[in-house]
Structure formats: structure tokens, C-alpha cells
Amino acid sequence: MKRDYTKLKCIILSILVGLLLLAAVFADHIVPYDPYAQDLEHALLPPGGAHLLGTDRYGRDMLSRVIMGGQTTIFSSLLLVLIIMTVGTMIGVFCGYNGGKTDTVLMRISDVFLAFPGMVFAIAVAGVTGGGIINAVVALACISWPKYARIARSQVMAMKEAPFIAAARLSGSGTWKIIRKHMLPNIAGPVLVTGVLDIGTMMMEIAGLSFLGLGAVPPIAEWGSMMSSGRSMLQTSPWVILAPGFAIFFTVMLFNLLGDTVRDVMDPRRNKRQKRKGD
Amino acid sequence: MRKKRLFHKKAGAVLLPLCLAAGLLSGCGGGSTDTKTEDNASAGEKVFYYGDTTFNAENDESDVNPHNGYSGWACIRYGIGETLFKYSDKMELEPWLAAEYEMTDENTWKITLRDNVTFSSGRRLDAQAAKECLDDLVSVHERAKGDLKIKEISADGQILTITTEEPVPALINYLSDPYGCIVDMEAGVSEDGNVAGTGPYIATEVKTDTGLTLVKNENYWDGEPKLDTIHVKTISDGDTMTMAMQSGELDAAYGLPYASLPLFAEKPYTISSVETSRSFFGQMNYDTPALQDEKVRKAIAMSIDKENFTKTLLDGNGTAAEGPFPANFAFGDDTVTAPKYNPEEARKLLEEAGWKDSDGDGYVDKNGENLTIRWVTYPSRQELPLLAESVQATMKEVGIKVDVNCSADFQSFLDKGEWDIYAGAFVCAPTGDPEYFFTTHCLDESSKNRGGYHSDKLQALEEEMKSAFDTEKRAELATQMTQTILDDNAFIFASHLKMSIVSGEGVTGLEAHPCDYYEITVDLDKN
Amino acid sequence: MKKYIVKRLLQLIPILIGITLLSFILMQASAMDAVDVMEQNTGGAMSEAEKAAAREELGLDKPLPEQYVVWLKGVLTGDMGKSFVSGQPVFTTFVSKLPATIALAVTSLLLTVLISIPCGILSAVKQNRFWDYLIRFLSFIGNSLPNFFVSLLLIYFFSLKLGWFPVMGNARGWKSIILPTFTLALAMAAKYTRQVRATVLEELNKEYVQGARARGVRENRILYFSVLKASMLTIVTLLALSIGSLLGGTAIVESIFMWDGVGKMAVDAITMRDYPVIQAYVIWMAVIYVLVNLVTDIIYCCLDPRIRMGQEEAGG
């Protein structure tokens, strides 16, 4: 029973996330107004009427900006997670499979990156390269890949000596084929779970950098920078800051919930335990 | 069982470094001691908290030494130093540390100092002290040196005689610039940039980017300062400052975001506002081929919606500008005209100049390249990013693409020539005299003529201005000069700043002054 | 034992070299060098000859590896150059602002412990019942709120509406640390409540607990005397490791609350492109982080021979 329930939850959450992604992909088409069109005559209108979420100080429609901002925020975090997942896994597999000097060197390098507290390094990189959402993504990618390399490496090392790999090798499979056919499918699980769990965190870090003015730059609609520029209106026109604020909150929560549920589904150990508990 | 005990020990072991770290670190946390003294200052002592956005290195106000960059502004704003002359509310010159002056010939000025003034170091102010200060000023401060053109200063009792290299009609005005604060050079400048001035308050602690602490000058020459201690807090974040003001942590604040001013419209708060000659304007880069075309410059000037910018984005805290000087000056906006906001006309001008949207991407192009303007500006003046974003939208309507680069590091982009229009804020007539703006921005040799603008007509007018002593004549010349740069569309003036200071409950004597640098005076009080 | 500590210390060397090298390269990648910035700050134009002379004086004309060695010597002796903006020695400024940040980090860590341990245990013990759901729900919310949003909301309610705490940090005594502490602790507590819950649950399912139950030991006794003790180790280790994210997270919170620590210093330095200050911040934060991890590891290992052996194997 329990397990079915988790699966159901997973499906519902996937649908919700799917809808969110669709909205982000088709943001250009579903926005009611041009999110960049200013109309100073209608600045800071409260929510309701023609503008469901009101307008900001430039008279831009908040709803359109939140939708458009979703595109920027969600896509950049997905891109970021995709980059660190691919790069990290590739390096991890390479190190784990080959071992030797390259392994030692690459792992020491990853130690160095791991030694930097995440935001500290991101702030420094963004500070040196200047603002811009791409720079923020690069900065966060620099410090986030070692985690995936570690996971992939330990999995590959554990698998390397496993009988089924030896069998594959005996049957004449090349290195590449072994990695592709036998190892990657086995690593994919833990890596994916970590990835999904990371989306929410990365989203908040990107927004945080933008909030500090080190990520997306105005007028680009991005939730963090929208909040940053709306700060002074928290008391006079709260919708300007609450709309992107709650957008981040709900999106991050949705991705976190999905990550948790995916982990529960993919982690058989946990399921067994839960079942036992349920008895 | 053995396993369990082990775990127990280990838990303690891991807690240990944590506690160790905690103890070690909180031991270092000496930062809290000075905060306590602030709290204790209660028994009858009047302590005042003043929030300000400008006292920081970004504004070139890293300390209170008037001979260092723009730090003189901090020196005079916070009542530490005073100048020989000062401006009235109507921007007329009045004596301050000087009692009177006399011009003996075009190049010689005889200034008589008050004889009841002492520095906070205890030294009495005499002509010798003033001479030492001004000598040091012109030897280390480029801008002052260029303004004053001092050849020689001689001191005799209370009489200071200044000889200039050439006629400097605005000498008295220049001496009233914040860099002209008279400080005791014998006491010198401390390591943190503190000085001994003559003002109602004495700085005891100067911390760049953080703030300063002022105490009452018991021996002030012009009445008794009413507050015992003033804490000036540098709060670069306008929103934090707003809330600190609301929660009563600050007694008064300068530089609040416009969006929060309505929060202080009612009692117990009072807002003191005044029009200033601080103007927000864009400067064209003549090195950009597209901007060398007169029609393009005019089209750009016509695609900036100044009215709506000031009305909506600045919440009415400012006036749409024509030229550099607001209308309350004799040579102000009423006497000149600039192109009005007119997107239709702007589009037509661009077309005449050969810029058409041939690829249908919404931006006009010529030879396959879009008309793109690199708009460089900086964030420490809250109006500038707003202006940039508003311009970006209105110019897009016309078909001009604007890439905004808003960075505290704007100078490096200017240096590298990576800009087309630079938008900044500048106090165009800090001394009430118009010549300053032109000499700093518009002439061939001007240090801030960043775009390489040149006009024969303007150069000729400046030659006349240089030696014109009559105020009316100067005003008339200024009008002609302003009109010249406006006709060339070398500069686009967006708005003039309305400066506001918000005072909290019981605060009196804090008035916004048109020249933007008299804030804390002997009159400031809190009940 | 000694062998292990020596080994760990030796392992530290390449990491520290890596940290400094990376920071050095990062700053080299920035567009301007110290001389360009000097030119800018003095406002006057310098001739190319003057610039070259200044570069020679600062050793900027030397090849990069040599510059790095010279610079590293400076770092080791506490000489990290002067701020481009204020002209003050960077290291002194950093050291003077560090206590404020550390004070904030320590209070946040303590508050995190105070919130997450009781909540996590309660949640685990009452698994799948009302309290569990409530706590998990709240921790989810806490985990999904960006800390800048939390700070703004906290300021709005507690400073403006209720007037309990000051808005600005470092201003009026101990009260000013409360809101920034809460901001930082909320997100961390949300995360650790979940981890505490998971750890305690795992422990509850171990055989010795089942055994104790079977022997009729009371639930409370099992919980407090066995399970908690066993879980503590993992939990506290996790907390020690969280110092890294805490150190980074202070930057945003410090800027919002005007808390005069190194985080705010770094953010201010970035807007001014004050590279030496940014560099000092990155290096020292990384070093502090590495050292905290090292101390945790060593003491942890002192008392658990099993881990020591395991690590030695893995390390070798």
C-alpha cells in the first residue's frame, strides 16, 4: 500500500513539475502582456482588474514578469544541474575506471573546489567576471561538480570488480561499451536523485546571487533580481516583491518534494524499511 | 553494548571542536563591546542617530579630510569643518569663518577672518592657520588647484591675502566648496583621515563605509551645539535605512529611496525637501560613429520621456530638466530649451539619417547593424538605474537598442572606451556659479569631457566667461553656453534632484539645503 | 594515531596550495591590475612609462609563477596588499571584521541545534502522526524559502510591526543579532530537522533497539539512553560540516541587516571591484572551512579506531 502511495505522489508531483516546465517553455506565448513593455501611466497598480498581479514601478505587468522570470530562473537552474551532473559524472567515471595518477590529480582538484564554501566561491567568481546570469551559472557549476564526481567514482570503483563486469570484459566488450551498457545505468539512479534534489537548492542560490546584483541584471525578468528591485516597495506596494517571492517559494518546494519522492521510489532500502514500519 | 558506549564518547568528541570553536570565536567577538557603550548613553545625554547613504569610498568620501577627493563633503555635512564663506538658502554668499572680503585688484583678494574661532585642536584660527590649510589643499588636491589658480597666499594677523595667477571671478564661490573647509594642519590628518576643524561637532571615530561618531564641540564659536553625541551610520541599502527610520533606530536619514518617502508623509515625521543643482544627465561619446550624426543624437534626445521619469519613477521627487541648472537659478531651465519627448519625430530623424528597420527585428539598422547604444551608469544614485531602465524601454519604441551597463566600476568602462552614452549625477553648480559645469564637462581641456565634445562657439563663450566679473553678464553667458550644448545634443539632461531629509519625532533644525552639503549644524536638536 | 594526524595534515598541503592558486588565478583573470586601479583612484592619467615603473615596483612585470610565490609569501605573513578603494591593509580589515561574522555563525549554529534536534526527534518518534506531518511540513517550507526573502519578512514583522528587534545589526547591543541569527538558522534548522529525523529513524530500526524492546525496556529509556546517544554523532558531524554553507550564507544576510562582518565586506568589495578584499575573503573563508573540517575529522577519529582504519585504507 505504502509504496503505491509514494508512486502516486511521484506521478502527481511530476505532472505539476511538468506543467511548470511547460509554462516556462511557452512563457513567450502565455504571458498576457509583454513583460518588458513599460507603461508609466499605469505604474504600481494593485493586483486585480486587467493586471492579475498588479504592475511594477515601470507599469510592467507583474504576472507576465513572474511567468517570464520563471523561464529564466527554472531554465538556468536546470541547465546548471544538467551541467554539473554530466561533467561530474564523466569525471567521476573516468577517475573510477582508470584510477592511477589522473585519478589522484583530479580528486585533489575536486578537494580544492570542495574546500570553498559554495556561496563564497560563487560570490568571488561573479565578482570577478561581473554580473550576468551565465556567469552566475558558471560560478555555481565550478563548485558543484565534485559532489557528482564523488558519487560516480565510488559507484564505478565498487562495480569495477563485480562479477558481471568481469564477465562482460571476458566476452570481449570494450571499455566504452562496459561503461555505457553496464556502469552508467547503475550510476544513473543515485546521480539523478541527487540532481533532482539539487534543483531547488541551485534555484535559491541563483536567485540569491541575482538578489545581490551578481546574477541576472535588470531589466531581465528573474525572480531574485525582481525581488531585489522591488525591496523598497515592500510596504507601499507589497505585490511587487511578494509575487516573485512566492513564485520562488512554491517552485523550490515543488522541486524539493519531487526530489524527496523520487528518492523514496528509487531507494529500495528505504522502501523496505518503511514497509516494515508500516506493519 | 560496547558499541553504544563508543558512540556516546564520539558524540562528545565531535561536540568538543564545535564548542571549542564557539568559545574561541565568541571570545573574539569583541565587536559587541562598543555597542554596549552606545546603549548606556542615557542619563541626560542627547544621542542622535543619523543615517546617510553617501559616506563611503564609492562616492570618493572615504574619510573627513577635505583635501582628499570629495571627503570635504563629509567634513562639512557632519558639522566637522567650515568654509570661509557659505551659501544662504537662496544660494547667496555669506561670510562664515571670514568676516568680510575685499578685492583690491583683479588678481588679489583680501579676506578678513573672524577672531573668535578656535579649532577643535585648541589652536586659534588666524590667517596663518588658514594659509597653511589652503597651501596644503592646492598642493594635494587637483580639482581645487585648477579652480583656485592660487599664486600666493600671505597671512597677517587675521588678514589673509590671496593672489591668483589670473583673474578668478568665482574665487569666493570656490572657497565655499567643501574642499575649502579650514582645518588645523598643525594637528594634521590622522591615519584614519580625521581632522581638527572648527565646526560644532568633532569626529572621534572615522570608519570608511561604516560611519562615524561625533561629539559636541564645547568651544564652538557660534552658539552651543545641542547634542552630545551623533552616530552617523553609512547605510548603503536604502530599504534597510527606511525600516531603521521607521523602527526608530535612526533619528534622521538622508538619501531614502523615493518609493519610501510616502511612508514618512505623516507625523511624527517631517520631510524637508529642496530643489538642488544635482542633475542626472547623459553624455554622448563622440568617438562612436553613429553618435557623430547630429540627427541620431537629436533622435536620442527626443526618445527620453523625462516627464514620466520624474513624475512616476521618481515619485515627483524632482523636475524634468532642460539644461544643467534648475529653474531657480538666473541662468536656469526657464532660459533654455531642449528637444521634447517625441518618439514620432525621433523615428523620422533616424530614417533621415539612414537608419531603418530592414530586418523586422524591431530595431533600426544600417549596413546590417542595429543601432545599439551602450549605456553606462552606476547604481549608488538610485535614480540612475531607474533612468537607464526607463530609457531602455522608450528608446526601444523608437527602434534603438540600449545595452545597460550599471556598475560601481563604471570608470573602467569609460577608460576603455566601451560606452556610447554615460549617464551620471553631478552637482552642476555647487558654488552657485555656472562656469564650473562647463569647465569640468564641456571644454576641450575639461577632465570630465569624456566623450570628446568640441564646439568652437562654446570655447569662444568660455573665453568671455573667464574674465566676466558681473553676475548678470555671467548669467547671460551661461544661458548661451547651455543652449549651445543643448543645440548640439552633446548632453541630455533628464532631471534635477529634489533632495529630501526625513526627520523623526522631536528632531528640529535639520533642513535640506539647495547646495546639498549643509546638513548637521549647530541648530540640530532632538527633544 | 599520530600517524593519522600527520597524514591528514600532509593531505592539507595540496588543498591549501590549490585554494591559494585558484584564488590567485581568479584575480589574474580580472581585467584590471593594481596599477590600472591606482590610476583610476587617483583620478589623474598616468603615462605608460609611469605605469611600467609602478608595475615594476609591485613586481607585476615578473612571470606569473614568480608573482604567485611572492604573493603567497605575503599571504602567509598576513600581508595581502592594500584595498584598492580605502587603501587600508586588507588583512587587518579582514581580521577586524571576522569576529562579527563568527559571532553570527556561532549563534546561528546554536539556534539550529536548539530547533532541529528536538523537532527531529519528535518527528521520528511520532513517525507518520500529526506532529511528524506538521514538523515535516514546516521544515519543507523552511527549506524552500530563500534567506533574503526570510530576512525581509522577519524585518517587516518583528522590527516594523512589532518593534521587538532593531533592523540594523551591530547597532544596539545583543538584540541586533537576533533577526540575522533567525534568518540563517531557519533554513539550516529545516534541513537538519529532516536529517535528525532520518538518523533517529535509522537507529530505531537497528537490531539492538528491537532487542531492547523485546527485553521489555521502556521506550523512553531506549530513546534517551541508546538511540539519541547513537544518533548524536552523525548529527553533530553534519552540523560541523554545515559551517561551510553557513559562512557563505552570511554574505546575503549581513548585507541586508548591515551586519558589519566579512560577508558584507565582500559584497561591498564586489560592487567596487576591490579585488584584494575579495581575494582575502575567499582564501580565508576556505581555510577556515578546511580547518574546521580537519579538527572535526581528527577528534572524531581519535575516538573511533574503526573509522581511522577505514579512512587509512581509503586514503592509502
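Only the coordinates and a few stated rules stand behind these numbers; no lab work does. Here the structure is a predicted model, which is why all the values come from computation and not from measurement. Every residue, glycine as well, gets a Cβ built from its backbone with ideal geometry; the counts of neighbours run over all protein chains shown.
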Provide the percentage of antiparallel DSSP beta bridges, counting only those with both residues in the stretch B:275-499; round to the nearest 5.
-> 70
Rg (one decimal) and Dmax (whole number) from the Cα set of the stretch B:79-181, in Å, equal 12.8, 36
Hey, how many Å between the Cα centroid of the stretch B:355-402 and the Cα centroid of the stretch A:171-246?
-> 30
Selection from A:Val262, A:Ser232, A:Pro219, by position along the positive dipole direction of chain A (Cβ) | A:Val262
Expected sort for B:Met243, C:Met168 with the fewest Cβ neighbours (10 Å cutoff) up front is B:Met243, C:Met168
Convex hull of Cα atoms in the stretch B:275-499, direction-averaged projection (nm²) | 11.7
Along each principal axis, Cα extent of the stretch C:156-266, largest first, Å = 58, 31, 20
Expressed in nanometres to one decimal, the distance between label points 7 Å along Cα→Cβ at A:Arg180 and B:Glu294 is 6.9
20 Å-binned pair-distance histogram of chain B (Cα, whole percent) | 20, 48, 24, 6, 1, 0
Which distance in nm do the two modelled labels at B:Glu94 and B:Ser358 give, with both placed 7 Å along the Cα-to-Cβ direction?
-> 6.5
Nearest-0.05 FRET efficiency for A:His42 and B:Glu464, computed from C-beta distance (R0 51 Å) = 0.55
The set of residues whose placed amide H lies less than 5 Å from the amide H of B:Asp251, leaving out same-chain residues fewer than 5 positions away, is B:Tyr49, B:Tyr50, B:Gly51
Centroid-to-centroid separation of the stretch B:246-317 and the stretch C:175-205 [C-alpha atoms, Å] = 45
Identify all lysines with a Cα-Cα distance to C:Lys229 below 21 Å; exclude those on the same chain that are fewer than 8 residues away in sequence.
-> B:Lys3, B:Lys4, B:Lys9, B:Lys10, C:Lys126, C:Lys191, C:Lys206
Given the C-alpha centroids of the stretch B:405-448 and the stretch B:92-132, what is the distance between them in whole angstrom?
-> 32
Work out, step by step, the length gained on full extension between B:Glu345 and B:Ala265: first 0.36 nm times the residue separation, then minus their alpha carbon distance; give nm to one decimal.
-> 24.8 nm
Which of the lysines could be linked to B:Lys457 by a straight reach, that is with a Cα gap under 20 Å, when you skip same-chain ones fewer than 8 residues away?
-> B:Lys295, B:Lys298, B:Lys448, B:Lys466, B:Lys473
Equivalent ellipsoid semi-axes, the stretch C:151-213, via Cα gyration tensor eigenvalues times 5, rooted, Å | 40, 11, 9
Note: the stretch B:428-509 at 25 °C, 0.890 mPa s; Kirkwood Rh on alpha carbon pairs; Stokes-Einstein D in µm²/s works out to 169
Can you tell me the equivalent ellipsoid semi-axes for the stretch B:309-417? Use √(5λ) from the Cα gyration tensor, largest first, whole Å.
-> 27, 20, 14
For A:Lys177, which lysines qualify as cross-link partners when the Cα separation must be under 19 Å and same-chain residues fewer than eight apart are set aside?
-> A:Lys160
May I ask you to list, by number, the DSSP H helices of chain A whose Cα span along the axis is at least 18 Å and whose average Kyte-Doolittle hydropathy reaches 0.0 or more?
-> A:2-25, A:62-98, A:100-115, A:133-160, A:184-211, A:239-266
Simple Cβ-charge dipole of the protein assembly as shown, Lys/Arg +1 and Asp/Glu -1, about Cα centre, in debye nearest 20 = 11280
Net charge of neighbours whose Cβ lies under 12 Å from the Cβ of B:Ala299, counting Lys and Arg as +1 and Asp and Glu as -1 | -2
What percentages, rounded to whole numbers, describe P(r) for the protein assembly as shown computed over all alpha carbon pairs with 20 Å bin width beginning at zero?
-> 11, 38, 34, 14, 3, 0
One finds, for C:Lys206 and B:Asp525 with R0 = 60 angstrom and r their Cβ-Cβ distance, a FRET efficiency to the nearest 0.05 of 0.25
Vicinal HN-Hα couplings computed from phi for the stretch B:354-369 (Karplus, 6.51 cos²θ - 1.76 cosθ + 1.60; Hz; Gly/Pro x) = x, 9, 9, 8, 8, 9, x, 8, x, 10, 6, 9, 8, 6, x, 10
Kyte-Doolittle mean at least 0.5 and Cα axial length at least 24 Å: DSSP H helices in chain C = C:2-29, C:90-125, C:178-204, C:275-302
Treating the Cα atoms of the stretch A:79-270 as identical point scatterers in vacuum, please give the log10 of the normalised Debye intensity I(q)/I(0) at q = 0.13 Å⁻¹, two decimals.
-> -0.78
Pop out the Kirkwood hydrodynamic radius of the stretch B:255-294 from its pairwise C-alpha distances, inverse of mean 1/r, in Å to one decimal.
-> 14.1
By Cβ neighbour count within 10 Å, fewest first, B:Ser236, B:Ser467 rank B:Ser467, B:Ser236
Taking a temperature of 25 °C and a viscosity of 0.890 mPa s, what whole-number D in µm²/s does Stokes-Einstein yield for chain C with Rh from Kirkwood over alpha carbon pairs?
-> 107
What FRET efficiency, computed as 1/(1 + (r/R0)^6) with R0 = 56 Å and r the Cβ-Cβ distance, is obtained for B:Thr108 and C:Gln67, rounded to the nearest 0.05?
-> 0.55
Kindly provide the helix-only [θ] at 222 nm of chain C, computed as the sum of -39,500 (n - 2.57) over DSSP H runs of four or more divided by all residues, to the nearest 500 deg cm²/dmol?
-> -25000 deg cm²/dmol
